[in-house]
Amino acid sequence: MATTKETKVKPKAAAAKNLQDLFEDALKDIYWAEKALVKALPKMEKNATSKLLKNAITGHLAETKEHVVRLEEAFKSIGVKAEAVKCDAMAGLLEEGEGIMEETEVGAVRDAGIIAASQKVEHYEIATYGTIAAFAKVLGHQEALKILLKTLKEEKACDEKLTDIADTNLNSKAE
Ligand code: FE
Ligand code: FE
């Protein structure tokens, strides 16, 4: 192997010391992300043309508002104050979504771009909820686990719906 320099990152003073800390940090991250989505989804809906896509986004906006409330319940169940900490990953995904809208003509092509951006968001959420649900399980937070799995299920369903919309409607038209 070529020369690999050792790059062990030095932890900050407030770094997570155990899985519980990491779990709480992750909750704060996804709490920020869900709130950011509540703000971002209406614009995506307005920029979509397909009725199917518009409905899917509107439906998921309602679910996303529920995800915010559920996270507040999860915080409460572990006796931690709900707090949002900027999630750089979601901020980046939403920025990319904005870029895609600017770079596409309104219609089937922009719809295809919106679906692509939305699926990246959903995949990020699926990865996150899958991970923090696993943390909750190991830590014995049964109530939080139940709440997180409920949301995870909805993120997966949303992703599948977007795949269907892309397959049946947009990909052919966008060519
Ligand atoms: Fe969500
Ligand atoms: Fe989602």
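Laboratory data are not the source of any read-out in this text; all were calculated from the coordinates shown. In this text, all values refer to a predicted model and were calculated from it rather than measured experimentally. Please note: Cβ atoms are built from the backbone with ideal geometry, for glycine as well, and neighbour counts cover all protein chains shown.
Structure above, values below:
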item	result
Proxy reagent accessibility, fewest Cβ within 10 Å first, across L27, L139	L139, L27
Environment charge of E155, counting only residues whose C-beta is closer than 9 Å and scoring Lys/Arg +1, Asp/Glu -1	-3
Estimated 222 nm signal from helices in the chain, with DSSP H stretches of n ≥ 4 weighted -39500 (n - 2.57), rounded to 500	-26000 deg cm²/dmol
Charge dipole (debye, nearest 20) of the chain; +1 at Cβ of Lys and Arg, -1 at Cβ of Asp and Glu	560
Entries of K8/K28; K65/K161; K5/K28; K10/K86; K65/K156; K76/K153 with Cα pairs more than 27 Å apart	K5/K28
Ranked packing of 99-111, 64-76, most packed first, by mean Cβ within 10 Å	64-76, 99-111
For the chain, built as a Gaussian network whose Cα springs stay under 10 Å, the top-fluctuating residue of A62, A84, A116	A62
Kirkwood-type radius of the range 19-174, with distances r between different C-alpha atoms, in Å	15.9
Most fluctuating residue given options A15, A91, A157, as computed from a GNM of the chain linking Cα atoms under 10 Å	A15
Length-normalised contact order of the chain in % [C-alpha pairs under 8 Å, at least 6 apart]	26
